[in-house]
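This report refers to the structure that appears directly beneath it.
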2 protein chains.
Amino acid sequence: MSWTLSAEHLTDLARGAAILGTGGGGDPLIGRSLVEQAMREHSRTVTVLDPDELDDDIFVIPTAQMGAPTVIVEQIPRGTGPELALRALERHLGRTADATMPIECGGINSMIPLLVAARAGLPVVDADGMGRAFPELQMETFNIYGIPGSPMALAGQNGESAVLDTGADTRRMEWLARGLTVRLGGVAHIAEYAMTGEQIKRTAVPRTLSLALALGRSVREAREAHRDPVRGLAEALTGTLYSHLRVLFRGKAVDVERRTVEGFARGKARFAGKDGRSQLELQFQNEHLVALVDGEVRCVVPDLICVLEADTAEPITTGGLRYGQRVTVVGISAPALMRTPQSLAVFGPACFGLDHPFRPVEEITSSVRT
Amino acid sequence: MSWTLSAEHLTDLARGAAILGTGGGGDPLIGRSLVEQAMREHSRTVTVLDPDELDDDIFVIPTAQMGAPTVIVEQIPRGTGPELALRALERHLGRTADATMPIECGGINSMIPLLVAARAGLPVVDADGMGRAFPELQMETFNIYGIPGSPMALAGQNGESAVLDTGADTRRMEWLARGLTVRLGGVAHIAEYAMTGEQIKRTAVPRTLSLALALGRSVREAREAHRDPVRGLAEALTGTLYSHLRVLFRGKAVDVERRTVEGFARGKARFAGKDGRSQLELQFQNEHLVALVDGEVRCVVPDLICVLEADTAEPITTGGLRYGQRVTVVGISAPALMRTPQSLAVFGPACFGLDHPFRPVEEITSSVRT
C-alpha cells in the first residue's frame, strides 16, 4: 500500500536505514537534515509507492550519492546535486521520470531519493537494489536480474554533470564513474538504473524504506519503554524478508585502521570482549564485509553486519568507529533473492577478495548471551 | 579558398603536422593509416574549408584523440571512436555538425578530423585551436578568446561514451576528462569546443592544415632535390604566421627520461653536440616545453621546439626519442595570437611550472652554423 512520509518519520527512517546500511550508505544525520530542509522549503510530504502496486509502464529513475563515506562526512552536500543528475539522465534518455527510488539502504542513500522527491514533487518507490549498502554500483539486484546500470548521470558539487554510457557493461560503468567521482572531489550525486514498474517488480528488494522506518521506530520505542533495543530490532525483523538476527559480539572498540583508497574507505576494526579473552575483527570496504570472532567467520556478505552502540542500539558507520566505543555487533540474514548463486557471483565474499565461502548467518552463529 | 584533400596528400600532411606537433600530437604513421583506410572504404576525398570563407552560422564540432602518446602508440585505435564522440555530443546538443575541425596540430590530431570527415562525409575546417600541440584541453585559443570547451564527449575503445558538462570552466573539463581517459585505458576520442563559423574566425589559428601540408611537402621536395630539408622548411614558413625558424642544436641523443604519469608522458631528453662540449636539454609534457643549451633558454612555449632526424628532417615525437639518434632541433616562432598576454596566461611557460619568462625565439636565438 502506498503511504505518506513526512518530516516526523525521518529520524526513525534514517536510523533504520543506517542499520541496514551495515556500516556504509552515509551518515544518517546529514541525509536527514537535507530532506527536512527540502520538505520545509517546498512544504511537501512524500508519497511512497508500494512496488507491487506499480503500473508496469511507470518510468522510474533511481538517485543516490556515491563516494567514500570518509569524504562525504567532510563535505556539506548541496541539495541540488541529485536532482541535477536526474535531469541530466532524463535529458539523455529523452524521457521524464514518473518517480525515483533508492539504489541501496543507508543513512544517506535512503534519503537522497526523498530529497529529490521533496524538491521535484515526485513519488518514491519503496524498494531498492541492494537490500543493504554495497560499495560498488554493479552490486545491485537490478543488474543481477538483467537491468543495466548504464546510462548513468553524475553531478558534482560545483554544478558539473556527466553522462556515461557503457551499454550492458555495468562493471565498466562503475569503473568510469568511480574515477570521475574521485576527480569530482570524492563525492558525486548519481542517477542510474532507469527502469519500468515491471522491471522493478522483477528485480528489486521490496519495501526496504518501510522496513527501515519500522526498524528505526522499534529501536526508539524499546528505548522509551526501557526495553533492550536489540530485542526490539529482532522483533521488528520477524516476518520480514530479513528474518534472522544474531548477536555476534558485545565489547569495546580497541583498534580501527581506515584508509581512503581509490575512492573507497577500506580497513579493519577490532573489538575486545567483556571477558577480556575473545576478540572480534570486522573487515570493511565502505560497508562491513566479514565478522571474525577469534578467527572464525560469524557473518559474511551479503548477510548484514551492523555495529550498534551498546546502550542505545544507535548504528555506527565504518567512518564513525572510534577507540573505546562500547558496541553490540549483530548479524542479519539477507533476503533470499540476495543469496542466490547469481547474487553471490556479484556481491558474494569472493567479489571482495575474501576466501570465506558464503554461509547463512543463522546456520553458523548463535546469539551470544553475555 | 576551399580545397580537396585526397589520399596522396596524407604522407606530406602527416609529416608537416608532426613537425607542428612539437614532439606530441601523436604518431604520424598511425594517423595516416586510419585516414587512408577510411578514404578507401568510403571512396571519398575530403573537402577542406578555408576559415575566412565560412558562413557565420555554420556549426562545427572539432574532434581529436586524447591521452599520453606513450599509451597511444601501443594501441591500434578503432576508427569508429571519433565519430562516436561526435555523435554523442550532437545528441547532447540536439544539433547536427555541418563540419569538423582539428583542435591541435599533430601526427594523429591533424588526422582524426579527416577520419571523421571521410567516414561521415563532412567537410573539415582548415584551422585549429593550438597552432601546434599542447598537452591539456584548456590550452586552446578557442578557450582563450571566449569559447568554452564544455560540453564535451569522450568515446573509449570498447564503445563506451561519456558527455561532460562543466559550464564555462574548461580547466575543470580537462581535469575530469583526463581522469576518465586514464580509466578508459589511457586513450579516448573526443568531441568538444562546438562552435559557429563566426566564432572560428574570431578564435582559431587559421590554415594550419594547409601549412602542415606545405611543410611536409617542402621537406620531401628538398630531399628529392638533394637540398637541405631544414632550409626547405624555413622557406616554406616564410610569409606564414610562423615566420621565424632557428636551428637550436645539432647533435646526438644521449639520455631520455620518460614516465607516464597521470595520463601524460613527462620527461627530459639530453643531446650532445658534435663538438663534444655543448649540451641541449629538452623538457616535455607530451610536447616539448623548453630547450636549454648549456643551461640557457633558446626556445620556450608557446614557441615550437621540433626534433628532426639530422639527414632527412623527419620529425621525431617525444615518444620516439632513442639513445644515439642524430638530430637537428629547430625552434619556430608561434603566431602572434598565441603570444598575447591572454594566451601566455593559458599556455605560457608558467602554466607548465617553468620559471623562465616567455621570450620570442627570434629574439633570443641565432641559428647555429655547424
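Please verify whether residue B:352 is in the same structural domain as residue B:292 (by TED's automatic domain parsing), of a type in the set (A, V, I, L, M, F, W, C) and in contact with a helix residue (DSSP H, G or I) (Cβ under 9 Å, 6 or more places away or on another chain), treating the condition exactly as stated. Reasoning before the result, please.
Details: in the same structural domain as residue B:292 (by TED's automatic domain parsing): yes; of a type in the set (A, V, I, L, M, F, W, C): yes; in contact with a helix residue (DSSP H, G or I) (Cβ under 9 Å, 6 or more places away or on another chain): no.
For residue B:352, the condition - in the same structural domain as residue B:292 (by TED's automatic domain parsing), of a type in the set (A, V, I, L, M, F, W, C) and in contact with a helix residue (DSSP H, G or I) (Cβ under 9 Å, 6 or more places away or on another chain) - is not met.
If you take the residues in the stretch A:4-39 that are among the polar types (S, T, N, Q) and over 23 Å from residue A:135 (Cβ atoms), which one is least open to solvent (accessible area, probe 1.4 Å)?
Ranking the candidates gives A:6 first.
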Q: Kindly list the number of the only condition in (1) under 18 Å from residue A:199 (Cβ atoms); (2) more than 12 Å from chain B (Cβ to nearest Cβ) that fails for residue A:119.
A: (1)
Q. Which of the residues spanning the stretch B:28-48 are over 19 Å from residue B:104 (Cβ atoms) and not hydroxyl-bearing (Ser, Thr, Tyr)?
A. B:36, B:37, B:38, B:39, B:40, B:41, B:42, B:44
(Q) So, residue A:211, is that one assigned to a helix (DSSP H, G or I) and away from chain B (no Cβ under 14 Å) or not? (A) yes
Q: Quickly run through the stretch A:164-178 and pick out the residues that are facing chain B (nearest Cβ under 7 Å), within 23 Å of the chain's Cα centre (by Cα) and open to solvent by 10 Å² or more (accessible area, probe 1.4 Å).
A: A:172, A:175
Q. When only residues in the stretch B:273-313 that are under 30 Å from residue B:221 (Cβ atoms), free of Cβ contacts under 8 Å to residues at least 60 places away in the same chain and of a type in the set (D, E, K, R) count, which is least open to solvent (accessible area, probe 1.4 Å)?
A. B:303
Q) Looking only at the stretch A:181-200, which residues are at the interface with chain B (Cβ under 8 Å from one of its Cβ atoms), over 21 Å from the mean Cα position of the chain (by Cα) and assigned to a helix (DSSP H, G or I)? A) A:183
Q. Residue check, residue A:122 against (1) part of a loop (DSSP other than H, G, I, E, B); (2) within 27 Å of residue A:39 (Cβ to Cβ); (3) open to solvent by less than 10 Å² (accessible area, probe 1.4 Å), all met but one. Which one?
A. (3)
Q.
Filter the stretch A:243-272 down to the residues that are open to solvent by less than 20 Å² (accessible area, probe 1.4 Å) and touching a helix residue (DSSP H, G or I) at 6+ places or on another chain (Cβ under 6 Å) and list them by number.
A. A:263, A:265
Q) Regarding residue B:56, is this residue among the acidic types (Asp, Glu), farther than 30 Å from residue A:153 by Cα, open to solvent by less than 20 Å² (accessible area, probe 1.4 Å) and at pLDDT 95 or above? A) no
Q: Report whether or not residue B:240 is within 30 Å of residue A:155 (Cα to Cα), at pLDDT 95 or above and surrounded by fewer than 18 Cβ atoms within 10 Å (Cβ to Cβ).
A: no
Q) Does residue A:216 qualify as being outside any strand (DSSP E or B), touching a residue at least 40 places away in the same chain (Cβ under 8 Å) and at positive phi? A) no
Q: Confirm whether residue B:159 is touching a residue at least 60 places away in the same chain (Cβ under 8 Å), open to solvent by 10 Å² or more (accessible area, probe 1.4 Å), farther than 21 Å from residue B:130 by Cβ and more than 10 Å from chain A (Cβ to nearest Cβ).
A: no
Q. If you check residue B:22 against the conditions, is it under 13 Å from residue B:114 (Cα atoms) and either of a type in the set (Val, Ile, Thr) or not in a helix (DSSP H, G or I) (or both)?
A. no
Q: Check off (1) in contact with a Pro (Cβ under 6 Å, 6 or more places away or on another chain); (2) within 14 Å of chain A (Cβ to nearest Cβ); (3) among the acidic types (Asp, Glu) for residue B:128 and give me the number that stays unchecked.
A: (2)
Q: Pick out, from the stretch B:281-370, the strands (runs of 3 or more DSSP E) lying fully within it that include 1 or more residues that are among the polar types (S, T, N, Q).
A: B:326-332
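Would you check if residue A:135 is in a loop (DSSP other than H, G, I, E, B), closer than 30 Å to residue A:306 by Cα and touching a helix residue (DSSP H, G or I) at 6+ places or on another chain (Cβ under 6 Å)?
No: the conditions fail for residue A:135.
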Q: Run down A:223, A:217 and say which single residue is more than 14 Å from chain B (Cβ to nearest Cβ), touching an Asp or Glu at 6+ places or on another chain (Cβ under 7 Å) and open to solvent by 30 Å² or more (accessible area, probe 1.4 Å).
A: A:217
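Take residue A:140 and decide whether it is more than 14 Å from every other protein chain (Cβ to nearest Cβ), surrounded by fewer than 24 Cβ atoms within 10 Å (Cβ to Cβ) and touching a residue at least 24 places away in the same chain (Cβ under 8 Å). Outline the logic, then answer.
Details: more than 14 Å from every other protein chain (Cβ to nearest Cβ): yes; surrounded by fewer than 24 Cβ atoms within 10 Å (Cβ to Cβ): no; touching a residue at least 24 places away in the same chain (Cβ under 8 Å): yes.
So residue A:140 does not fit the description; no.
The values are calculated or read from the model by the stated rules, or taken from the named source; none is laboratory data. The model shown is predicted, which means the values in this text are computed figures rather than measured ones. Cβ coordinates were reconstructed from backbone atoms using ideal geometry, including for glycine residues, and neighbour counts include every protein chain displayed. To get the accessible areas, we keep the full protein, side chains included, count just its heavy atoms, and leave off ligands, DNA and RNA. Shrake-Rupley method; radii C 1.70, N 1.55, O 1.52, S 1.80 Å.
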